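Notes follow once the structure below has been shown.
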């Protein structure tokens, strides 16, 4: 342990949604937490975010559900539409039956509004200490004692370290090792537009997912219905690692040509100034090492096609806080139990997100078969969603908590079952 390292209890690396939710959950359970954020201020990049009932259940536990409500939109339905013909292929009703089944509605909102609510929950809790401009550059554990060092030379010796530092996680390098990003060959263009610029959609509380050959467009209202959030994604056949600044605008124009007029009109409103390459990583069979573990994208980076990245991070946050509270003097056991509960579920979501990426971009006969299946689905058929939206923490009694061999065996099974599925 470095002589100049500040001694802290639980250290969370990363001040995004995953990190702040973890800090808020831990403090709520009486656990002191320090949060390191590399940026000068806590802010969220991006615009829209979708929150299923499983996420709202966690936000309710964190006590911030009421705080986000004025900013959220609770859509009445989700539509999956053919981007070429405009046909509605299937509909998911988010109304009374959906809410009674899962206990919570479906919500869409601006990412920064969610982050602000979590930041307020942390800022007002004396057990949370927030540190800005603290870029983590190294993570070590001499004699099993975690030490995190930042770019400005400051260091923290922690009783426990939780990596919430995203897909480029420094903590993951220590717990998992350096593993490869998997490029999905998908590129996203995102943006928001005032709802009055698309008057035919004004007041329509609907999530619209337009799908077509090697492309899709996601649209939904945010900021209490004042903005329309749009994400246009194209599948590209090329990737030049030596030219990371390639704009892929030509791919956007090509994939979205000859589409439904409303799709073409929506895409014209999206800025071409910035694009996002879409990555994930293969699921792993372990993300914990001693008194260090991971949450959110640092643990299980996933494609966006299940709209579950932030949702799974919120589940992680509440779960890890519960286990730390159950084992206040045994961090390693708490982390093992947390991983035992979370790893099988997040692996399933990661894998299904990859499946969905393939399904929505189908072409030819495969797309025809997909569409025929979707047309036969009833709007109130929730069969395919129960496993995802019904989830709640499954904390066993102390006597039933898994032993270390049981945790290892379960983790190995999950890894062998799902690792390596192509993007």
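Checked against the criterion of being assigned to a loop (DSSP other than H, G, I, E, B) and either at pLDDT 95 or above or farther than 16 Å from residue 107 by Cα (or both), the candidates 43, 23, 18 yield just one match: 43.
For residue 47, the requirement of being in contact with a strand residue (DSSP E or B) (Cβ under 9 Å, 6 or more places away or on another chain) and over 30 Å from residue 92 (Cα atoms) is not met.
Here residue 223 passes the criteria (1) more than 20 Å from residue 12 (Cβ to Cβ); (2) surrounded by fewer than 18 Cβ atoms within 10 Å (Cβ to Cβ) except the one numbered (2). Identify all residues within the stretch 142-169 that are farther than 14 Å from residue 38 by Cα and either part of a helix (DSSP H, G or I) or in contact with a helix residue (DSSP H, G or I) (Cβ under 9 Å, 6 or more places away or on another chain) (or both); write none if there are none. Within the stretch 142-169, 142, 143, 144, 146, 159, 160, 161, 162, 167 meet the criteria. Could you please let me know if residue 345 is surrounded by fewer than 23 Cβ atoms within 10 Å (Cβ to Cβ) and either over 18 Å from the mean Cα position of the chain (by Cα) or modelled with pLDDT under 95 (or both)? Criteria not met by residue 345.
Looking only at residues in the stretch 380-404 that are assigned to a helix (DSSP H, G or I) and at pLDDT below 95, the one that is nearest to the chain's Cα centre (by Cα) is 404. Any residue in the stretch 224-235 that is modelled with pLDDT of 95 or more and assigned to a loop (DSSP other than H, G, I, E, B)? Taking every residue of the stretch 224-235 in turn, none turns out to be modelled with pLDDT of 95 or more and assigned to a loop (DSSP other than H, G, I, E, B).
Could you please let me know if residue 35 is within 29 Å of residue 137 (Cα to Cα), assigned to a strand (DSSP E or B) and out of contact with any helix residue (DSSP H, G or I) (no Cβ under 8 Å at 6 or more places or on another chain)? Before the answer, list the steps.
Values: within 29 Å of residue 137 (Cα to Cα): yes; assigned to a strand (DSSP E or B): yes; out of contact with any helix residue (DSSP H, G or I) (no Cβ under 8 Å at 6 or more places or on another chain): no.
In short, no.
Within the stretch 185-210, the only residue that satisfies the criterion of being touching a helix residue (DSSP H, G or I) at 6+ places or on another chain (Cβ under 6 Å) and surrounded by fewer than 23 Cβ atoms within 10 Å (Cβ to Cβ) is 202. For the stretch 170-210, a tally of residues being under 14 Å from residue 279 (Cβ atoms) and assigned to a strand (DSSP E or B) returns 7. Looking at the stretch 64-141, the helices (runs of 4 or more DSSP H) lying wholly inside it that each contain 2 or more residues that are more than 23 Å from the chain's Cα centre (by Cα) and within 26 Å of residue 208 (Cβ to Cβ) sit at 96-102. Restricting attention to the stretch 120-139 and to residues that are surrounded by 15 or more Cβ atoms within 10 Å (Cβ to Cβ) and out of contact with any strand residue (DSSP E or B) (no Cβ under 7 Å at 6 or more places or on another chain), the residue that is nearest to residue 157 (Cα to Cα) turns out to be 125.
Does residue 252 count as under 17 Å from the mean Cα position of the chain (by Cα) and either surrounded by fewer than 22 Cβ atoms within 10 Å (Cβ to Cβ) or on the phi < 0 side of the Ramachandran plot (or both)? Give the steps one after another, and end with the answer.
On the way: under 17 Å from the mean Cα position of the chain (by Cα): no; either surrounded by fewer than 22 Cβ atoms within 10 Å (Cβ to Cβ) or on the phi < 0 side of the Ramachandran plot (or both): yes.
In short, no.
Step by step: first the residues of the stretch 348-378, then only those that are in contact with a strand residue (DSSP E or B) (Cβ under 8 Å, 6 or more places away or on another chain) and under 22 Å from residue 309 (Cβ atoms), then the one that is surrounded by the most Cβ atoms within 10 Å (Cβ to Cβ). Which residue is that? Filtering the stretch 348-378 for residues that are in contact with a strand residue (DSSP E or B) (Cβ under 8 Å, 6 or more places away or on another chain) and under 22 Å from residue 309 (Cβ atoms), the one surrounded by the most Cβ atoms within 10 Å (Cβ to Cβ) comes out as 350.
Name the residue, out of 246, 257, 271, that is assigned to a loop (DSSP other than H, G, I, E, B), more than 19 Å from the chain's Cα centre (by Cα) and at pLDDT 95 or above. Show your work before the answer.
Details: 246 fails: at pLDDT 95 or above; 271 fails: at pLDDT 95 or above.
Of 246, 257, 271, the one residue that is assigned to a loop (DSSP other than H, G, I, E, B), more than 19 Å from the chain's Cα centre (by Cα) and at pLDDT 95 or above is 257.
If I ask for residues that are over 21 Å from residue 15 (Cβ atoms) and not in a loop (DSSP other than H, G, I, E, B), which ones from the stretch 280-299 would you list? 280, 289 - these are the residues of the stretch 280-299 that are over 21 Å from residue 15 (Cβ atoms) and not in a loop (DSSP other than H, G, I, E, B).
The values are calculated or read from the model by the stated rules, or taken from the named source; none is laboratory data. Predicted model, so just to flag it, every value in this text is computed and none were measured. Positions of Cβ are generated from backbone atoms using ideal geometry, with glycine treated the same way; all protein chains shown enter the neighbour counts.
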